[in-house]
Amino acid sequence: MRSIAVYCGSNFGRGDGYLKAAVALGQTLAAQSIRLVYGGTTKGLMGVVADAALRAGGEVHGVITEKLVERGQLHEGLTSHDVVPDMRSRKARMARLADGFVAMPGGIGTLEELFEIWVEGQLYPPARPIGLLDVGGFYGPFFGMIDHMIEERFLPQGHRDMVMAHADPSRLVSAMRAYTPVTVEKWGL
């Protein structure tokens, strides 16, 4: 695994647990010589994970929109970056550059990015590894909803198994490295 795209909030969240997790994730990626691909800004957890990876000697590639550059939000210290016209281009470019994906706690943008890459893996296997950095049980309610979808037969268990979660970044990256793509048969109508 040479590169991981990280989806995370442009805010810091409540308390310092999310900030500490972003630092640990950036350090983990750098220590394992995995290039961080992310949204290219200095804002919130995005800036924290990038700064941590850079301070630890890691390679960081940002993908940022023209509008965000115009607002002065491009992280000036990145190893490399792309400027793209819009959010759709941003997500597509990040996906092309990544061998795997990590979603940290975040808002609707983070979830939207997570779901898009998860659906891509479902529809166009083999899926690349998807990990959730489950800081403080952040993704517990999310998995409750996913389990409900499985129980109500809207989602096969195999699609749930495509996503792994750990609170520790090192364990999460190790699980992603060991990931074997899941093949799921479509349910009959």
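Pairs of lysine residues in the chain that meet both criteria, 8 or more places apart or on different chains and Cα atoms under 25 Å apart, total 4.
For Val102, nonlocal amide neighbours, meaning residues 5 or more places apart or on other chains whose placed amide H falls under 5 Å from its own, are Ala5, Val6, Tyr7, Gly131.
Coupling constants for the range 156-161 follow from the phi torsions by the Karplus curve (6.51 cos²θ - 1.76 cosθ + 1.60, θ = phi - 60°), and in residue order they are x, 4, x, 6, 5, 5 Hz; glycine and proline get x. All alpha carbon pair distances within the chain were sorted into 10 Å bins beginning at 0; the resulting P(r) in whole percents reads 10, 39, 36, 14, 3, 0. Peptides 117-129, 140-152, ordered by how many other C-beta atoms sit within 10 Å of their residues on average, highest first, read 117-129, 140-152. Carbon-plus-sulfur accessible fraction, the range 1-139 (probe radius 1.4 Å, protein heavy atoms only): 52%.
Taking only alpha carbon atoms, the range 97-147 gives an Rg to Rh ratio of 0.96, where Rh is the Kirkwood radius. The equivalent ellipsoid that matches the C-alpha gyration tensor of the range 1-101 spans semi-axes of 19, 16, 12 angstrom, in descending order. The packing ranking, built from the mean of other Cβ atoms within 10 Å per residue, places the peptides 164-171, 46-53 in the order 46-53, 164-171, highest first.
In order along the range 97-114, phi translates into HN-Hα couplings of 7, 9, 8, x, 9, 10, 9, 8, x, x, x, 5, x, 4, 5, 4, 5, 4 Hz, rounded to whole numbers, per the Karplus curve 6.51 cos²θ - 1.76 cosθ + 1.60 with θ = phi - 60° and x for Gly and Pro. If R0 is taken as 35 Å, the Cβ-Cβ distance between Arg55 and Asp161 corresponds to a FRET efficiency of 0.50. For Gly39, the residues whose amide H sits under 5 Å from its own are Val63, ignoring neighbours fewer than 5 places away on the same chain, with H placed 1.01 Å from N. Projecting the alpha carbon convex hull of the range 74-168 along each direction and taking the average yields 7.4 nm².
I want the antiparallel fraction of DSSP beta bridges within the chain, as a percent rounded to 5. Restricted to the chain, the bridges split so that about 5 percent are antiparallel. Using Cα centres only, tell me the gap between the range 4-27 and the range 103-156 in whole Å. For the range 4-27 versus the range 103-156, the Cα centre distance is 18 Å. Each label was represented as a point 7 Å from its Cα along the Cα-to-Cβ direction; for Met149 and Phe12 these points are 3.3 nm apart. Once the 1.4 Å probe is applied to the protein heavy atoms, the range 1-132 comes out at 46 Å² accessible per residue. Over the range 67-115, the pair-distance histogram of Cα-Cα distances with 10 Å bins from zero comes to 20, 50, 30 percent, rounded to whole numbers.
The values are calculated or read from the model by the stated rules, or taken from the named source; none is laboratory data. Keep in mind that what you see is a predicted model, and the values were worked out from it rather than measured. Note that each Cβ is placed from the backbone with ideal geometry, even for glycine, and that neighbours are counted across all protein chains shown. Ligands, DNA and RNA are excluded from the accessible area calculation, which covers all protein heavy atoms including side chains. Shrake-Rupley method; radii C 1.70, N 1.55, O 1.52, S 1.80 Å.
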